[in-house]
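Participant: My questions will all concern the structure given below.
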Amino acid sequence: MVSTARSALTRPQILADVLGLPVHVPGISESAAAGAAALAGLAIGARPGAAALAGPIPPTAPLAVPAPGQARRYDEPYAEWIRRTKRDK
């Protein structure tokens, strides 16, 4: 998924607000690409073994903490999305 710097910060905050839960954001923005590169290195022998891939998890960016009352901002757009998806079926 391609995202801008702004959306990379906004999406976790929206999730935190709507779910009412803190959201941990990976410190590495392209974790899928990093994993693929690590596995490729293992496949060609550039990595010593699978144990080398099982290192510590990269640090996370600042935690997105739910903002009280923000979930209400998304109630109407969500209801409209539900109406449209049901209509299109």
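Only the coordinates and a few stated rules stand behind these numbers; no lab work does. Owing to the predicted nature of the structure, the values given are computational and were not obtained by experimental measurement. All Cβ positions, glycine included, derive from the backbone under ideal geometry; neighbour counts span all protein chains shown.
Participant: Using the per-residue mean of other Cβ atoms lying within 10 Å as a proxy for protection, in what order, highest first, do the peptides 18-26, 76-84 fall?
Facilitator: Going from most to least packed, we get 18-26, 76-84.
Participant: Here's a follow-up. Set the Förster radius R0 to 41 Å, insert the Cβ-Cβ distance between Ser31 and Lys86 as r into 1/(1 + (r/R0)^6), and round the FRET efficiency to 0.05.
Facilitator: 0.75
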